[in-house]
1. Take segment 103-140 and flag every residue that is surrounded by 15 or more Cβ atoms within 10 Å (Cβ to Cβ) and β-branched (Val, Ile, Thr).
2. What helices (runs of 4 or more DSSP H) lie completely within segment 130-240 and have 2 or more residues being of a type outside the set (Lys, Arg) and in contact with a Pro (Cβ under 6 Å, 6 or more places away or on another chain)?
3. Of everything in segment 83-97 that's β-branched (Val, Ile, Thr) and open to solvent by 40 Å² or more (accessible area, probe 1.4 Å), which residue is farthest from the chain's Cα centre (by Cα)?
4. Does residue 100 qualify as being of a type in the set (D, E, K, R), closer than 21 Å to residue 149 by Cα, touching a residue at least 40 places away in the same chain (Cβ under 8 Å) and buried (at least 19 other Cβ atoms within 10 Å of the Cβ)?
5. Might you let me know whether segment 144-156 holds any residue that is at pLDDT below 95, open to solvent by less than 10 Å² (accessible area, probe 1.4 Å) and either among the aliphatic types (A, V, I, L, M) or touching a helix residue (DSSP H, G or I) at 6+ places or on another chain (Cβ under 8 Å) (or both)?
6. Test residue 190 against the criterion of being at pLDDT 95 or above, open to solvent by less than 50 Å² (accessible area, probe 1.4 Å) and under 19 Å from residue 29 (Cα atoms), and give yes or no.
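The values are calculated or read from the model by the stated rules, or taken from the named source; none is laboratory data. Everything numeric here is computed off the predicted structure, so don't read it as measured data. Because the Cβ atoms are built from the backbone with ideal geometry, glycine has one as well, and the counts that use them run over all protein chains shown. We work out accessible area using only protein heavy atoms, side chains counted, and drop any ligands, DNA or RNA first. Shrake-Rupley method; radii C 1.70, N 1.55, O 1.52, S 1.80 Å.
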Amino acid sequence: MIEFIFMLTRNDQTVPDAMAVYEQIRDSDLRYVGFKDIGLPTNRLRELASAMRADGREVFLEVVSERAEDEQRSVEAALEVGVDWLLGGTHPDTALAILDRVGPPGTPGRPRYCPFPGRVVGHPSVLEGTIEEIAASARNLTSRPGIDGLDLLAYRWRGDVPALVRAVVDASAGPVIAAGSVDSARRIDALATAGAWAFTIGAAIFDGKLPAGPSVREQLDCALALTRAAAGEEVVTDDA
């Protein structure tokens, strides 16, 4: 089983009209939705998250800031916004110290935390290192109390991506989310086969990369159908 997380993002930033976009898909079957820590001020992210949670959806915030001080502010903003999942980031000591102020894992108001494994650089973020190095990072991270899973930049890494995902899944004690550059049925199927719990799509939907009409709603519905197909729930043809 694999899950789809729609990120209201492009080029590693939350789109400026995120609320208007969300209004277009509010009545969809989408379960998981999110945004980045860059692109909109905290008050607008709070409004967005409130609407999403009022609709019964789980809300994800992905940290892509490069500097430690910016990541600290983003983690604090995640608590203020009220998200269910905190993804990304490369400074787990800083993030855990902030999250621990809320209480131990499972405390109401404390989001599940899934940082980036491996060596992540740049913006938009890319993943560097060997499979062995990234898998070791995954093992070390998920052995730490308070780290619930991982946010893996699978298709922002150069190499055998399915092999990387399998290695990280095998090394991890928690769900693995594949983030970034998922833009076809083939990649979704590969992630499902490799054991990823979920994947994110943002820019590919806004850029009309999936085999459907150009509107966000048509692209979103296609992503949901491709996810069900990858999970074995139905067959969808895609030559991408």
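1. 120, 126, 131, 134
2. Filter on segment 130-240 gives 131-142, 185-194.
3. Top of the filtered list is 94.
4. Judged against the criteria, residue 100 is not a match.
5. Looking for residues that are at pLDDT below 95, open to solvent by less than 10 Å² (accessible area, probe 1.4 Å) and either among the aliphatic types (A, V, I, L, M) or touching a helix residue (DSSP H, G or I) at 6+ places or on another chain (Cβ under 8 Å) (or both), one finds none in segment 144-156, hence no.
6. No; evaluated as a whole, the condition is false for this residue.
Table: residues versus (1) more than 25 Å from residue 168 (Cβ to Cβ); (2) open to solvent by less than 50 Å² (accessible area, probe 1.4 Å); (3) touching a Phe, Trp or Tyr at 6+ places or on another chain (Cβ under 6 Å); (4) in contact (Cβ under 8 Å) with a residue 60 or more places away in the chain.
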{"position": "186", "(1), (2), (3), (4)": "no, no, no, no"}
{"position": "194", "(1), (2), (3), (4)": "no, yes, no, no"}
{"position": "203", "(1), (2), (3), (4)": "no, yes, no, yes"}
{"position": "207", "(1), (2), (3), (4)": "yes, no, no, yes"}
{"position": "213", "(1), (2), (3), (4)": "yes, yes, no, no"}
{"position": "217", "(1), (2), (3), (4)": "yes, no, no, yes"}
